[in-house]
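Please read the structure below before turning to the comments.
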Amino acid sequence: MFTVQPELSYTGSIQSPQDICHLSCSVYYSALEDIPAMVRQWWNGQDKRVATYVDSFTTRYASPVLWSQEIQSVQNTEHNMENMSVKGRPVTREVIATYTMELSEEVSVELVIQLPANHPLGIVTVESGKKIGIKAAQWRTWMLQLTTFLVHQNGSILDGLTLWKRNVDKRFEGIEDCMICFSVIHGSNCSLPRLTCRTCKKKFHSECLYKWFSTSNQSTCPACRNLF
């Protein structure tokens with residue numbers, strides 16, 4: 001593939017074909033770092049030969065640097081938000097997040113996020129650790145929310161966990177999920193569900209409702225199917 005280690009942050013002048021190769025590697029690495037979801041979507045659309053080559057290059061040269069940076073950012077930040085602590089495990093490429101809240105009964109949940117060897121091309125897995133005081137249906141919804149962000153948004157693990165925590169906090173404050181995306185906080189603009197159906201009283205994000213109207217070619221409520 002390469003007889004020498006490719007330069008992932010190339011800043012030299014182009015004087016030879018090898019320089020072009022290193023510059024290409026640098027551009028690709030920057031894309032993996034800044035717009036991973038878009039690169040993943042592009043990679044999934046390639047034929048098997050191209051996808052295999054890209055996967056092999058990424059796993060060997062780029063992924064170790066990228067997942068190390070993700071884990072290191074967690075360790076360096078010592079990110080302890082109110083009610084939630086986050087720590088990294090470099091050996092297993094894992095981030096452990098523990099959310100605890102004292103209510104009428106103790107609420108404690110633990111998430112185990114593991115980065116794939118070909119990060120960010122592969123899918124980040126979100127596993128359930130211990131959970132106390134949370135119903136199974138609500139837990140599945142929260143797991144889906146975090147997984148969806150990590151797969152489809154161009155953000156870091158800390159960005160995803162911060163948004164996830166805000167969703168959980170708002171849920172405990174009594175704010176209901178949007179009945180389209182099943183999140184309290186919108187994944188793109190961090191808005192709350194504010195549009196209410198006059199019939200069933202369910203609330204929706206304006207962006208989610210606009211997308212629903214556009215794709216369904218209807219102006220009915222997604223929940224009760226009455227005219228919105």
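Each value in this text was obtained by applying a stated rule to the coordinates, not by laboratory testing. Quick caveat: nothing in here was measured; it's all calculated off a predicted structure. Note that we place each Cβ from the backbone using ideal geometry, even for glycine, and neighbour counts take in every protein chain shown.
For the chain, the tally of Lys pairs with Cα-Cα distances below 27 Å comes to 25, considering only residues 8 or more apart or on different chains. Among (i) 1.05; (ii) 0.95; (iii) 1.08, which one is Rg/Rh (Cα atoms, Kirkwood Rh) computed from these coordinates? Label of the calculated value: (i).
Counting charges near ASN217 (Lys, Arg +1; Asp, Glu -1) among other residues having Cβ under 15 Å from its Cβ returns a value of +2.
Model label points for ASN217 and SER24, set 7 angstrom from Cα along the Cα-to-Cβ axis, are 4.4 nm apart. Across region 107-228, C-alpha contacts under 8 Å between residues 6 or more apart give a mean separation that, scaled by the residue count, equals a relative contact order of 14 percent.
Could you tell me the calculated FRET efficiency between SER128 and ALA31, based on Cβ-Cβ distance and R0 = 30 angstrom, to the nearest 0.05? Working shown, then result.
Details: r = 32 Å, r/R0 = 1.06.
Between SER128 and ALA31 the formula returns 0.40.
For the chain, give the magnitude of the charge dipole about the Cα centre (Cβ charges: +1 Lys/Arg, -1 Asp/Glu; no others), in debye to the nearest 20. Show your work: numbers first, answer last.
Details: 22 positive and 21 negative charges, 205 e Å.
Charge dipole of the chain: 980 debye, to the nearest 20.
Taking a ≥ b ≥ c as the square roots of the Cα gyration tensor eigenvalues, region 98-228 comes out oblate, since a/c reaches at least 1.5 and a/b does not exceed b/c. Using the Cα coordinates of region 28-132, the gyration tensor eigenvalues translate into equivalent-ellipsoid semi-axes of 32, 15, 11 Å, sorted from longest to shortest. Here is the list for region 137-225: GluC sites (Glu not before Pro) lying in DSSP coil, each with at most 10 other C-beta atoms within 10 angstrom of its C-beta, are GLU173.
Among LEU227, SER128, VAL184, whose Cα lies farthest out toward the positive end of the dipole of the chain, if unit charges sit on the beta carbon of Lys, Arg (+1) and Asp, Glu (-1)? About the Cα centre, the residue reaching furthest to the positive side is LEU227. In a fully extended conformation the segment linking ASN44 and ALA137 would gain 30.4 nm over its present Cα-Cα distance, using 0.36 nm per residue.
The simple spin-label model puts a point 7 Å past each Cα toward its Cβ; for GLN75 and CYS224 those points are separated by 5.4 nm.
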